[in-house]
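Enquirer: Could you have a look at this structure, given as structure tokens, before my questions?
The values are calculated or read from the model by the stated rules, or taken from the named source; none is laboratory data. Bear in mind that the values here come from a model prediction, so they are computed numbers and not experimental data. Note that each Cβ is placed from the backbone with ideal geometry, even for glycine, and that neighbours are counted across all protein chains shown. Accessible surface areas use protein heavy atoms only, side chains included; no ligands, DNA or RNA. Shrake-Rupley method; radii C 1.70, N 1.55, O 1.52, S 1.80 Å.
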Amino acid sequence: SIRAAQAIVCVSQATADDLQTFVGLRPGQTLQVIPNGVGAAFVPLPGAAHDPQQLLFVGGRGGYKNFALVLQALQQLPAHQLVCVGGGPLRAEEFAGVPASVRARVRHLAYVSDDTLASLYQHSLALLYPSSFEGFGIPVAEAMKCGCPVIGLRACAAVREVAGDALMGLDGDDPALLAAAVETLMEPAARAKITRLGLEQAAPLNWQATHERTLQVYQSLLEHTASA
């Protein structure tokens, strides 16, 4: 499908780079980067206060999502609770070798509405998103839109791209680094700075802009076909 297409749209430059590395472009194909948007529900609520002990994990937890890293960091953060959203029910094997004291501080929510998820972002100290690979990372954008700092791996190109200077970046998958980043955000001034940077970074991301830019791609193809 990629090789047959006249035009290709990628949701991030990181994805575009991967496409060119692993698939390549043929002569005459066009490639554009059009980022994903963020739903209208994801906005900061005036006066909403975060819980400095609540951490958030959104989405799948398998393999490259590095959920085990989060659980290891929680062992160094005995006062913090972790809320997991989506990704299927928590499984016993995910907690193999994890102390019961940590397991007791992790709770799971299955499907939640956008409004509920937005509230979770706003009431959490940070979104923990230590994924090793992403095409975009919509939870990263959603969190920033809600004023929630994001902690992730600098090695993940898409997350680094989406979050920009607002990313609390880890230079390795070391639980001590993750725990230290959480502790840094306990300082009001540090968290306020990251929150401000995140709001600025995510401001241009909306589905209307994504729609308009994608529509332009289709229109240009129609015009090319009509003139051919």
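Enquirer: So Ala40 ticks every box in (1) part of a loop (DSSP other than H, G, I, E, B); (2) among the aliphatic types (A, V, I, L, M); (3) open to solvent by less than 70 Å² (accessible area, probe 1.4 Å); (4) closer than 30 Å to Met144 by Cα but one. Which box is left unticked?
Expert: It is condition (3) that Ala40 fails.
Enquirer: Let me ask something else about it. Only residues that are open to solvent by 70 Å² or more (accessible area, probe 1.4 Å) and over 18 Å from the mean Cα position of the chain (by Cα): list them for the stretch 3-24, please.
Expert: Once the filter is applied, which keeps residues that are open to solvent by 70 Å² or more (accessible area, probe 1.4 Å) and over 18 Å from the mean Cα position of the chain (by Cα), the stretch 3-24 yields Arg3, Ala4, Gln6, Asp17, Gln20, Thr21, Phe22.
Enquirer: Could you check, for the stretch 79-94, whether at least one of its residues is β-branched (Val, Ile, Thr) and surrounded by fewer than 17 Cβ atoms within 10 Å (Cβ to Cβ)?
Expert: The answer is no; no qualifying residue exists.
Enquirer: Next question, about the same structure. Mind listing whichever residues of the stretch 79-125 are more than 18 Å from Pro149 (Cβ to Cβ), β-branched (Val, Ile, Thr) and in contact (Cβ under 8 Å) with a residue 24 or more places away in the chain?
Expert: Within the stretch 79-125, Val98, Val102, Val106, Val112 qualify.
Enquirer: Considering the stretch 99-117 alone, what residues qualify as being open to solvent by 70 Å² or more (accessible area, probe 1.4 Å) and either assigned to a loop (DSSP other than H, G, I, E, B) or closer than 14 Å to Cys84 by Cα (or both)?
Expert: First, the residues of the stretch 99-117 that are open to solvent by 70 Å² or more (accessible area, probe 1.4 Å): 100-101, 103-104, 107, 111, 114-115.
Those that are open to solvent by 70 Å² or more (accessible area, probe 1.4 Å) and either assigned to a loop (DSSP other than H, G, I, E, B) or closer than 14 Å to Cys84 by Cα (or both): Arg103, Ala104, Arg107, Tyr111.
Enquirer: Moving to a separate point now. Going by what's in this entry, would Val83 be described as assigned to a helix (DSSP H, G or I) and touching a Leu at 6+ places or on another chain (Cβ under 8 Å)?
Expert: Criteria not met by Val83.
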